[in-house]
1. Per Stokes-Einstein, at 4 °C and 1.567 mPa s, what whole-number D in µm² s⁻¹ belongs to segment 74-195, with the Kirkwood radius over Cα pairs as the hydrodynamic radius?
2. Only sites in a loop by DSSP and with at most 12 other Cβ atoms within 10 Å count here; which GluC sites (Glu not before Pro) in segment 33-111 make the cut?
3. Could you tell me how many degrees, from 0 to 90 and to the nearest 10, lie between the Cα long axis of helix 105-117 and the main elongation axis, the longest principal axis, of the Cα atoms of the chain?
4. If we count every other residue with Cβ under 15 angstrom of Glu83's Cβ, Lys/Arg +1 and Asp/Glu -1, where does the sum land?
5. Which aspartates and glutamates have a Cα less than 12 Å from the Cα of Lys50, not counting those fewer than 8 places away in the same chain?
6. For segment 1-64, what is Rg from Cα atoms divided by 2.2 N^0.38 Å, rounded to two decimals?
7. Roughly how many Å² is the accessible area per residue of the chain, as a whole number, for a 1.4 Å probe?
8. Starting at the first residue of segment 45-62, write each ³J(HN,Hα) from the Karplus equation 6.51 cos²θ - 1.76 cosθ + 1.60 with θ = phi - 60°, in whole Hz, x for Gly and Pro.
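The values are calculated or read from the model by the stated rules, or taken from the named source; none is laboratory data. Keep in mind that this is a model prediction, so the values were computed, not measured. Cβ placement follows ideal geometry from the backbone for every residue including glycine, while neighbour counts extend to all protein chains displayed. Heads up: the accessible areas ignore ligands, DNA and RNA and are worked out on the full protein's heavy atoms, side chains in. Shrake-Rupley method; radii C 1.70, N 1.55, O 1.52, S 1.80 Å.
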Amino acid sequence: MKNENSNIIYGRNPVKEALRAGRVLKVYVASGFSDKEINPLFEQYKPYIKVISNNELLQKANGGVHQGIVAEVKPYEYLDLDEIIRRSRKQEVPVIVILDGINDTHNLGAILRCCDVFNVSGVLLPKHNSVQLNSTVAKSSAGAINYVPVAQIGSINQTLQKLKDNGFWIVSTDGSAKISYTDIKYDFPVALVIGSEGKGVSPLVVKNSDYVIKIPQYGHVNSLNASVATGILLSRIRS
């Protein structure tokens, strides 16, 4: 169930990573809660830990699977695009992921998880017609939300031009593309555009891309989940 309070997270992995990242304001646990990785992190939070009943935990998690622990965290903050570009310069071959029309919180969480695994410099989310950071994304990301820089952007196409001006090559995905994702040697700064499962990457974004690629499919289903596609592509880019 969706938690209406975007500053409440629950579940062992999301809370553990938020504790490690220093983002926790208060922790609520069930009586007898014990976790060999989480309990040592409680030392600095002792004044802010409260034992409550399972019913109270369920209420705070809005019915979600809390695994005996819920936390209040600092509001999720966005960086600006310039900061992500600046940080990207620390990588030999930087990768930025741009999400075009992703509206599912679980998808965004899973994409952030992939981006953390493959050390992506940042994720760009349009301010409009796009899912934003919240507790459901935190849960789905298994804590990656604390480590992957995210920026809100206005026009994707204006953003693409700015990225090009800063040395990035735009790589978009499209099922009708003639180039396979394995046909390119990704030895340049990559701005990877991932579209929604339904509409894909918007036509103007495709037009403004340097490369348009596809993941060949051999089964009966004609589309991949956006997070799965992200993982496949990032694995290739980083190989």
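1. My calculation gives 88 µm²/s for D.
2. For GluC sites (Glu not before Pro) across segment 33-111 that sit outside H, G, I, E and B with at most 12 neighbouring Cβ atoms in 10 Å, the list reads Glu37, Glu77, Glu92.
3. For 105-117 against the chain, the angle is about 80 degrees.
4. So the surrounding residues net to +2.
5. Glu72
6. 1.06
7. With the other protein chains kept in place, the chain gives 50 Å² per residue.
8. 10, 3, x, 10, 9, 10, 8, 9, 6, 4, 5, 5, 4, 4, 5, 5, 8, 6
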